[in-house]
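Contents: one structure, followed by commentary.
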Amino acid sequence: MSDTRLKITGMTCAHCVRAVTKALEGVPGVAKADVTLEPGEAVVHGQASTAALITVVEEEGYKAEVRG
């Protein structure tokens, strides 16, 4: 299992965090997603592709990019 760190922009409240967490955890291969409002980050545990993770975040209305 590996971790993918994403920078998430556009989240403003706890509801946003829940929506992004639920979306990420719905991606096949994701074991768990830890999303934080500040600093706007997600750490995704599992084997999902980065492209799939970014796509579901953007479908929720937020921006995502890989954080090094």
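Across region 1-27, the number of residues qualifying as out of contact with any Leu (no Cβ under 8 Å at 6 or more places or on another chain) and assigned to a helix (DSSP H, G or I) comes to 8.
Output the number of residues of region 35-55 satisfying the condition of being within 8 Å of the chain's Cα centre (by Cα) and free of Cβ contacts under 8 Å to residues at least 40 places away in the same chain. Selection size over region 35-55: 3. Residues of region 28-53 that are assigned to a strand (DSSP E or B), open to solvent by 50 Å² or more (accessible area, probe 1.4 Å) and within 14 Å of MET11 (Cβ to Cβ): ASP34, THR36.
The values are calculated or read from the model by the stated rules, or taken from the named source; none is laboratory data. Nothing here was measured: the structure is a model prediction, and the numbers come from that model. Because the Cβ atoms are built from the backbone with ideal geometry, glycine has one as well, and the counts that use them run over all protein chains shown. Surface areas here come from the heavy atoms of the whole protein model, side chains and all, with no ligands, DNA or RNA. Shrake-Rupley method; radii C 1.70, N 1.55, O 1.52, S 1.80 Å.
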